[in-house]
Structures are given as structure tokens and as C-alpha cells.
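Data block below; observations after.
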Amino acid sequence: MLAERPPLKRYFFDPVLAGIALAVYGLFRAMGFSAASSLGGAVARSIGPRLAVSRRARRNLKNAFPEKSDAEINVIVRDMWDNLGRVAGEYPHLGKIDVYNPAGNVEVVGAENVDLLRDDDQPGIFFSGHIANWEIVSLGATQRGVPLDRIYRAANNRLTEWLYRSGRDAVGGELIPKGAEGARKLLKSLRAGKHLGMLVDQKMNDGIPVAFFGRDAMTAPALAELALRYGCPVVPARVERIKGAKFRLTIEPPLEFTPSGERHADVAALMALVNQRLEAWIRDTPGQWLWLHNRWPD
């Protein structure tokens with residue numbers, strides 16, 4: 001449950017920001033998919049690199065890629081903002097994306113791995129990160145007959161929460177807010193044989209330390225704990241932005257992992273495999289990941 005916001009924020013700033021968000025959402029929705037993506041990218045890459053928060057992105061990139069020059073780092077920061085702006089522009093159009101249309105905006109690799117999870121009569125977990133337009137992972141599963149229950153952080157501004165949810169109406173499965181109640185719903189989903197979609201690239205302060213770009217990063221262990229408890233497959237799913245509003249969705253085979261029976265060691269080992277996959281994807285397309293996040297301790 002979200003903490004009660006101060007009256008000034010709740011009764012003044014929240015409505016103002018909600019009005020701006022609604023106007024931007026309406027503008028993007030009135031445009032075509034590719035045009036909205038282009039406009040979002042152009043605005044974000046023009047403004048974003050100048051914002052103070054970009055200093056964190058540059059610091060993270062310097063630590064992750066010490067061999068890169070300042071000029072190379074600046075290019076990645078610009079590309080990151082371009083991608084984030086495009087995601088915003090594409091958000092109102094998620095319901096129009098036909099992932100499996102050969103003439104559409106998405107090239108799919110490994111669709112058979114979705115079919116295997118759909119047809120194996122057991123629960124399963126897809127994982128990805130905030131790379132390219134990460135919403136396409138859930139669309140790809142939904143449109144192959146595998147609705148995903150997804151954990152998410154509810155918006156601080158209650159007036160914009162409906163926007164957050166409305167953009168995901170095209171994705172089957174339940175949106176589950178973070179917290180104790182959400183954890184119970186995740187367990188219920190897996191017990192019922194459903195499938196989960198998890199973005200596992202963000203910091204969790206009370207998580208476990210797992211190597212990520214050569215440094216320990218506090219990592220949420222829930223994916224490994226759930227997979228080990230229910231014996232379900234863990235499937236890496238990657239989105240790449242090929243050019244503009246064109247994408248490649250790659251659904252990989254389930255991770256190969258044999259539990260030792262020592263629960264803490266198994267959780268750490270499985271999350272290490274997950275972080276290795278994420279790191280490999282990010283190294284391939286560093287300008288498409290969310291470097292703004294405070295992923296590592298200072």
C-alpha cells in the first residue's frame with residue numbers, strides 16, 4: 001500500500017502532473033505508431049542528456065565499461081534517452097502491435113519456446129529487463145496463448161495509475177502490485193499453474209548480492225525462490241530495438257539448472273545465471289537499457 005502523500009502534492013501537483021500525462025498520452029495516441037515513437041525519441045534525446053539524473057547514468061556506464069571514452073559514454077546516454085522516449089510514444093499503441101505478423105513491427109525468434117510452456121501443463125516464469133520496449137515480452141506471450149501475471153510498482157500519483165494500467169490492457173494476465181499481498185498472489189498464480197512475467201534488473205535493497213558487470217548488485221531473489229519451490233522452467237526473453245519502431249523478440253530455451261538441494265546456494269546460483277543473461281543482453285545493446293537506475297551501491 002502506498003504511503004499517504006502530503007496535501008500539496010496530492011491536491012495540487014498530482015492533478016497538474018496527471019493532466020500533463022493525459023495530454024501527452026492523448027497526443028501520442030492520436031499519432032501513428034511509428035510517428036509517436038519518433039517524436040518521443042526526438043524529445044527525450046534532446047532534453048534527457050542535459051538533466052542532472054544523467055550523471056548517474058554516466059557514472060554507471062563508466063563503472064560498467066571502463067574502457068569506453070567520454071564521447072562513447074555520451075552516445076550511449078543519448079541512445080538510452082532516445083529509447084525511453086520511444087517507449088513512451090509507443091505505450092498508447094501496445095494494443096495495435098501484432099507480434100506474430102510477419103509484415104509487422106516485430107521479428108520473433110524462438111516462438112516454439114513459448115508453445116512449450118503453454119503446452120507442458122505446469123507453471124513457468126519468463127524474465128527480462130528494462131531493455132528496448134520491454135512490454136513486447138508480455139505481448140508475445142499473450143498472443144501465443146500464455147497470459148502472464150506480472151508484478152509491478154503502483155504509481156505514486158493515483159490519478160495516473162489508470163494510464164499505467166490502460167496501456168497494458170492488450171496484455172493478458174493480472175497486474176499484481178508489489179508488497180506482501182502481491183507476494184501471496186504470485187504464489188497463488190503458480191499453484192494454479194499460471195505463468196509469471198518478471199523484470200529482474202532493478203535493485204532491491206533487502207535482496208541478495210549477485211555479480212552484475214563485475215560488481216555485487218543487490219538482487220531480488222524471488223524469481224529463483226519461486227522457480228525452485230514449484231520446479232518450474234525459467235525462460236529468458238529479450239527485446240532488441242532494431243531500428244526506430246522495429247523490434248526483435250527472442251524467447252530462449254529455459255535456463256539449464258540442476259538444484260543441489262541447498263536452498264540458499266541454489267537461489268544465489270540461479271540468480272547468478274539470470275544476471276549473466278541480462279548482462280550479456282545489455283552489453284550487446286547498451287543504449288537500450290535503463291542506466292538511470294541506482295543499481296549498484298555507492
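The values are calculated or read from the model by the stated rules, or taken from the named source; none is laboratory data. It should be emphasised that the depicted structure is a prediction, and the values quoted were computed from it without experimental measurement. All Cβ positions, even for glycine, are placed from backbone atoms using ideal geometry, and neighbour counts span all protein chains on display.
For every residue, the table says whether it meets (1) basic (Lys, Arg); (2) surrounded by fewer than 16 Cβ atoms within 10 Å (Cβ to Cβ); (3) out of contact with any Ser or Thr (no Cβ under 9 Å at 6 or more places or on another chain); (4) in contact (Cβ under 8 Å) with a residue 60 or more places away in the chain.
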site	(1), (2), (3), (4)
Leu199	no, no, no, yes
Leu226	no, no, yes, yes
Pro259	no, yes, yes, no
Trp281	no, no, no, yes
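Under 8 Å between Cβ atoms, at least 6 apart or on separate chains: pull out the pairs that start in the stretch 49-76 with a residue that is more than 19 Å from Asp284 (Cα to Cα) and end on any residue that is surrounded by 15 or more Cβ atoms within 10 Å (Cβ to Cβ) and among the aliphatic types (A, V, I, L, M).
Pairs that qualify, where the first residue is more than 19 Å from Asp284 (Cα to Cα) and the partner is surrounded by 15 or more Cβ atoms within 10 Å (Cβ to Cβ) and among the aliphatic types (A, V, I, L, M), are Pro49/Val77; Val53/Leu292; Ser54/Val77; Ser54/Leu292; Arg56/Leu292.
Given (1) in contact with a helix residue (DSSP H, G or I) (Cβ under 7 Å, 6 or more places away or on another chain); (2) touching a residue at least 40 places away in the same chain (Cβ under 8 Å), where does Asn275 come up short, assuming only one miss?
All conditions pass for Asn275, except number (1).
Just for helices (runs of 4 or more DSSP H) wholly inside the stretch 1-101: which have at least 2 residues that are modelled with pLDDT under 95 and small (Gly, Ala, Ser)?
On the way: elements: 14-30, 33-47, 54-64, 70-90.
It comes to 14-30.
Mind counting the residues in the stretch 35-68 that are farther than 15 Å from Pro297 by Cα, of a type in the set (Lys, Arg) and exposed (fewer than 15 other Cβ atoms within 10 Å of the Cβ)?
2
If you check Arg283, Arg277, Arg295, which single one turns out to be over 15 Å from the mean Cα position of the chain (by Cα), closer than 20 Å to Leu199 by Cα and among the basic types (Lys, Arg)? Walk me through it before giving the result.
On the way: Arg277 fails: over 15 Å from the mean Cα position of the chain (by Cα); Arg295 fails: over 15 Å from the mean Cα position of the chain (by Cα).
Exactly one residue qualifies, and that residue is Arg283.
Among the residues of the stretch 216-274, write down those that are under 21 Å from Leu290 (Cα atoms) and charged (D, E, K, R).
Matches in the stretch 216-274: Asp216, Arg238, Glu240, Arg241, Lys243, Lys246, Arg248.
A quick yes/no check of all residues on (1) touching a helix residue (DSSP H, G or I) at 6+ places or on another chain (Cβ under 6 Å); (2) surrounded by fewer than 22 Cβ atoms within 10 Å (Cβ to Cβ); (3) hydroxyl-bearing (Ser, Thr, Tyr):
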{"residue": "Asn83", "(1), (2), (3)": "yes, no, no"}
{"residue": "Gly89", "(1), (2), (3)": "yes, no, no"}
{"residue": "Pro92", "(1), (2), (3)": "yes, yes, no"}
{"residue": "Gly110", "(1), (2), (3)": "no, yes, no"}
{"residue": "Leu139", "(1), (2), (3)": "no, no, no"}
{"residue": "Gly145", "(1), (2), (3)": "yes, yes, no"}
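Any idea how many residues of the stretch 150-206 are polar (S, T, N, Q), modelled with pLDDT under 80 and within 21 Å of Leu292 (Cα to Cα)? Even if it seems obvious, please write down each step before you answer.
Going residue by residue through the stretch 150-206, those that are polar (S, T, N, Q) are 156-157, 160, 166, 189, 202, 205.
Keeping just the survivors that are modelled with pLDDT under 80 gives 156-157, 160, 166.
After this cut, where a residue has to be within 21 Å of Leu292 (Cα to Cα) as well, the list is 156-157.
Qualifying residue count, the stretch 150-206: 2.
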